[in-house]
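This report refers to the structure that appears directly beneath it.
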Amino acid sequence: MGDFNLALVIVAAVVSVVVLLVSFYLLINYQHPDDANQAYFPKLVVVLGLSVAAISILMLPADVANRQACRHAIYNGACNLTLPMKTLWLIVYIVDAVLVFLVIPFAMFYYEGDQDKTVAKRLKTALIWVFCSALVCALCLGILYTLIGKVDFTVRHLSSSVQTFPSSWNGFSNSQPCISPLTKQCDAYLAPASSQTTWTMRTSFPEYVVALATIVGSVLFTIFGGVGIACLPLGLISSFVRRPKAVITRSQYIKEATELGKKARELKKAAEALHQEERNGKKDRKWRKNVKSVEKELLLLEDDMKALEEMYPQGEQAEATWALTVLSYLGKLILGVVGLIISIAWVAHIVIYLLIDPPLSPFLNEVFIKLDSIWGLLGTAAFAFFCFYLLVAVIAGEMMLGLKLVFITIHPMKWGATLMNSFLFNVGLILLCSISVIQFCSTAFGYYAQATAAQEIFGHTLESLRGIKYLYKYNVFQYGFVALAIITLFYYSCFGWRKKRHTGRFQLSS
């Protein structure tokens, strides 16, 4: 038993180092060339944020493995070298909240500050914004914790009469479970309805911080995750459907390139006009709307340029480039089909296990348990994969809604072309939603993850917290998630398969 727990501690340490190295790898390969050899503080925040998000997702499988390591003990403390999972959960999520609400906003304010200002002025401006935001959050958090920072547990008061201790156990059976020979049921089974009452206690402040951060993340997770779990696989499949079927001629390439050049000049002119308005201090609502419109048009222009380069490969290895293009679209089709199966499994599991009371079947819980019976960590790995898939769906949903809705700022993640402000935004979104993903998974896979520290925090305290427990009691977030997934599916069925041509001259709104 002790050797197994020691192995678990070693695996946790090794995985933490691997996660840190992978975070560095993603930063190096996704960053924009303009950010090379500069913006070191935002890069440090990105690496730390990605590491915390990944570790937080992996902690739930570790929590399950930690419970299984002591499954033969009466209590976890009876095992040697058991991981203190509840303490680790609170540490990780307090760090998560500090990064999301303090560190990442500071890094974004500093990075997006006016480059014409000195470093001291940019630091001053960023600190003022973060201080004001932190003050407002601290006041709201303190007031809420003082007034309603309590949990209400529904309990039943049970009592029984006293009987003489029996000298023999031969008379007990399923039909006669009690000491008294005249009673076929124990007194506890005959407790009246009035014995049910509410036990109120104040929750700890760290748990309350985690709970409120989970609520904020759950709203974003429901919106972006519900849209993303449908558009992520369907987007990959639709890109295969709209793939270039053959190489175009040189005259067609020149014609399309000329049109894109005109579009690029229009966007450059619009960007210069907006920059001039910024210098003149005219950063009103119309200005911000125009900035978002230019950003989205620029993103669409980059996609059109990439598509044109795919349809007309150039250079000495043009044929090899075209072959790789065809293979990449086949890869997208395969990933899209696999993702569609996972998305359907997720939605079906939510309906079968969470929305129907009582559940029709444990479904994926049984799948993970059977995988664990085949090999100790196979079910745990599958469990972690399903949790990570939800985080990827959140990013996909944010990208789709950012393209469709004007009031959402888009922050694309592109290989070798991701600016640091987009990196920071997406890391903040991942961190904020990672808390909700863990809560969602601990609830959706409650049968598999039972008796874990995560269930104690997210399953008992959070769902009994005064003021917000009804959101979880009536499955508000689960219903919203499934509804948005279905709406997105219908949208793609009607409009998502057709590639829109963006014609006409781009103009700023007046």
Please name whichever of LEU299, PRO313, VAL247 sits farthest to the positive end of the charge dipole of segment 246-327, dipole taken about the Cα centre and charges placed at Cβ: Lys and Arg +1, Asp and Glu -1. LEU299
List the residues, sorted by chain then number, that are 5 or more residues from THR203 or on another chain and whose placed amide H is less than 5 Å from its amide H. LYS150, VAL151
Just by accessible area at a 1.4 angstrom probe, what is the order of GLU266, GLU463 from largest to smallest? GLU463, GLU266
Using amide H atoms built 1.01 Å from N in the peptide plane, name the residues 5+ places from ILE468, or on other chains, whose amide H lies under 5 Å from its own. none
I want to check the label-to-label distance for GLU366 and LYS414. Put each point 7 Å from Cα in the C-beta direction and report it in nm to one decimal. 4.7 nm
With DSSP loop assignment and no more than 15 other C-beta atoms within 10 Å, the chymotrypsin sites (Phe, Trp or Tyr not before Pro) in segment 309-385 are TRP375
Determine, at each q value in 0.09, 0.15, 0.17 (inverse angstroms), the log₁₀ of I(q)/I(0) that the Debye formula gives when each Cα of segment 334-454 is one equal point scatterer. -0.32, -0.81, -0.98
I'm checking a number: the convex hull volume of the Cα atoms of segment 255-321, normalised per residue, in Å³. What is it? 86 Å³
What are the ³J(HN,Hα) couplings of segment 315-323, residue after residue, when phi is run through the Karplus curve with 6.51, -1.76, 1.60 and θ = phi - 60°? Round to Hz, x for glycine and proline. x, 6, 10, 5, 5, 5, 5, 5, 5
In the structure shown, of LYS370/LYS473; LYS245/LYS296; LYS86/LYS473; LYS124/LYS282, the pairs separated by more than 28 angstrom at the C-alpha atoms are LYS370/LYS473
Rg(Cα) of segment 320-360 divided by 2.2 N^0.38 Å? 1.90
Dimensions (Å) - segment 189-304, Cα atoms, principal axes, largest first: 88, 48, 22
How many nm separate the modelled label positions at PHE41 and TYR253, each set 7 Å beyond the Cα in the direction of the Cβ? 4.6 nm
Solvent-accessible surface (1.4 angstrom probe) belonging to VAL367, in square angstrom, nearest 10: 60 Å²
Counting Lys and Arg as +1 and Asp and Glu as -1 over every other residue whose Cβ sits under 13 Å from the Cβ of ARG202, the net charge comes to 0
Quickly rank 277-290, 480-493, 442-455, 123-136 as a protection proxy: mean count of other C-beta atoms within 10 Å, highest first. 442-455, 480-493, 123-136, 277-290
Note, segment 142-155: 3J(HN,Hα) by Karplus (6.51, -1.76, 1.60, θ = phi - 60°), whole Hz, Gly/Pro = x, goes x, 5, 5, 5, 5, 7, 10, x, 10, 10, 10, 9, 7, 10
What order, most packed first, do the peptides 10-23, 332-345 have when packing is the mean number of other Cβ atoms within 10 Å of each residue? 332-345, 10-23
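The values are calculated or read from the model by the stated rules, or taken from the named source; none is laboratory data. Treat the numbers as computed from the prediction; the structure is a model and nothing was measured. Cβ: placed from backbone, ideal geometry, glycine included. Neighbour counts: every protein chain shown. Each accessible area value is taken on the protein alone, full model and side chains, heavy atoms only, with ligands, DNA and RNA left out. Shrake-Rupley method; radii C 1.70, N 1.55, O 1.52, S 1.80 Å.
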